[in-house]
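The values are calculated or read from the model by the stated rules, or taken from the named source; none is laboratory data. All values reported here derive from a predicted model rather than from experimental measurement. Note that each Cβ is placed from the backbone with ideal geometry, even for glycine, and that neighbours are counted across all protein chains shown.
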């Protein structure tokens with residue numbers, strides 16, 4: 001079976017690279033020697049890492065090669081991840097939403113079937129974005145989405161013609177391997193109580209950075225923890241992490257992991273933590289995979305959806321309402337109930353893995 005995978009790959013985002021890891025590994029486990037081509041911003045790196053064919057994803061280069069790959073494929077997988085949104089600037093054919101939907105349109109022009117695979121959807125708020133969703137979203141032959149919110153959002157945007165099934169993020173079926181390089185990279189004695197922290201830049205919003213600094217200072221003073229920042233998107237996240245360190249009174253008692261580790265290596269490190277405080281969705285998915293309790297700071301509905309699905313939402317909050325004063329008690333409550341919450345997450349993780357694998361099972365049923 002010839003497959004083309006279209007997504008946010010080759011750009012150094014740990015969450016999206018984890019998605020590609022999980023997709024490729026599970027497709028190879030479930031299908032008979034699939035022939036996989038990935039559209040990537042770093043095609044040579046993607047091809048080498050995954051032993052796949054890879055084509056530059058941008059419009060300005062290798063356009064004929066992309067069309068040829070779409071025409072020869074049995075199925076195009078759009079996803080996973082949060083591709084269908086217009087939070088970032090959108091022009092006629094540039095920006096996430098028009099790019100991914102025009103790939104769908106090209107595939108259909110080539111006579112190739114399309115599956116939205118383990119997608120997160122929204123927000124789509126501009127008139128142009130809503131038009132694109134209505135015109136091209138309905139061209140998909142089948143859709144799986146990673147949460148109920150995404151399914152409802154598709155319906156609100158009038159994407160109703162293809163069948164849509166709620167599954168889970170494919171990363172819940174991640175095939176991890178033991179690796180200690182992250183923890184070995186840090187100057188630790190082995191007696192530290194590690195707390196993972198995942199932060200990210202979010203447009204012009206900076207108030208959460210000083211609030212996170214206050215919260216971590218109090219956590220260090222009262223509980224003697226060692227916060228470790230986990231930069232899930234390279235230097236973008238590492239820079240914010242260092243900014244928060246600079247706001248702290250006890251910033252010298254925190255650490256920042258290197259920004260060039262693999263998804264598997266970050267996952268293995270998070271498994272060594274007592275708990276997570278996080279913004280990035282896939283940092284929290286990694287925590288769930290490792291049964292590590294977390295407090296989510298939701299900048300997007302996808303984070304809130306995960307926290308609700310895992311039973312961690314009542315410990316969490318939105319970015320808009322995040323303050324040290326309002327959230328410190330929640331953080332301590334999680335910290336003081338690690339065993340109970342870890343067992344709860346362990347049960348949720350098993351169910352979410354089954355749901356993640358349904359993405360591949362449904363692919364086989366519908367298209368093989």
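Given the conditions (1) under 16 Å from residue 362 (Cβ atoms); (2) crowded, with 24+ Cβ neighbours inside 10 Å, report the number of the one that residue 81 does not fulfil.
If we test residue 81 against (1) under 16 Å from residue 362 (Cβ atoms); (2) crowded, with 24+ Cβ neighbours inside 10 Å, just (1) comes out false.
If the requirement is being under 16 Å from the mean Cα position of the chain (by Cα) and within 30 Å of residue 31 (Cβ to Cβ), which of these qualifies: 307, 290, 296?
Working: 307 fails: within 30 Å of residue 31 (Cβ to Cβ); 296 fails: within 30 Å of residue 31 (Cβ to Cβ).
Only one candidate qualifies: 290.
Is it true that some residue in the stretch 243-255 is under 24 Å from residue 16 (Cβ atoms) and assigned by TED's automatic domain parsing to the domain that holds residue 282?
Among the residues of the stretch 243-255, at least one is under 24 Å from residue 16 (Cβ atoms) and assigned by TED's automatic domain parsing to the domain that holds residue 282, which makes the answer yes.
If you scan the stretch 132-175, which residues turn out to be surrounded by fewer than 18 Cβ atoms within 10 Å (Cβ to Cβ) and part of a loop (DSSP other than H, G, I, E, B)?
Once the filter is applied, which keeps residues that are surrounded by fewer than 18 Cβ atoms within 10 Å (Cβ to Cβ) and part of a loop (DSSP other than H, G, I, E, B), the stretch 132-175 yields 158, 160, 161, 162, 175.
Looking at 319, 345, 338, which one is out of contact with any helix residue (DSSP H, G or I) (no Cβ under 9 Å at 6 or more places or on another chain) and surrounded by 12 or more Cβ atoms within 10 Å (Cβ to Cβ)?
Of the residues listed, the single one that is out of contact with any helix residue (DSSP H, G or I) (no Cβ under 9 Å at 6 or more places or on another chain) and surrounded by 12 or more Cβ atoms within 10 Å (Cβ to Cβ) is 338.
Name the single residue that is surrounded by the most Cβ atoms within 10 Å (Cβ to Cβ) among those in the stretch 117-131 being part of a strand (DSSP E or B) and on the phi < 0 side of the Ramachandran plot.
In the first step, residues of the stretch 117-131 are kept if they are part of a strand (DSSP E or B); the result is 117-121.
When the remaining residues are screened for being on the phi < 0 side of the Ramachandran plot, the result is 117, 119-121.
On the way: 117: 32, 119: 29, 120: 24, 121: 28.
For the stretch 117-131, the residue satisfying everything is 117.
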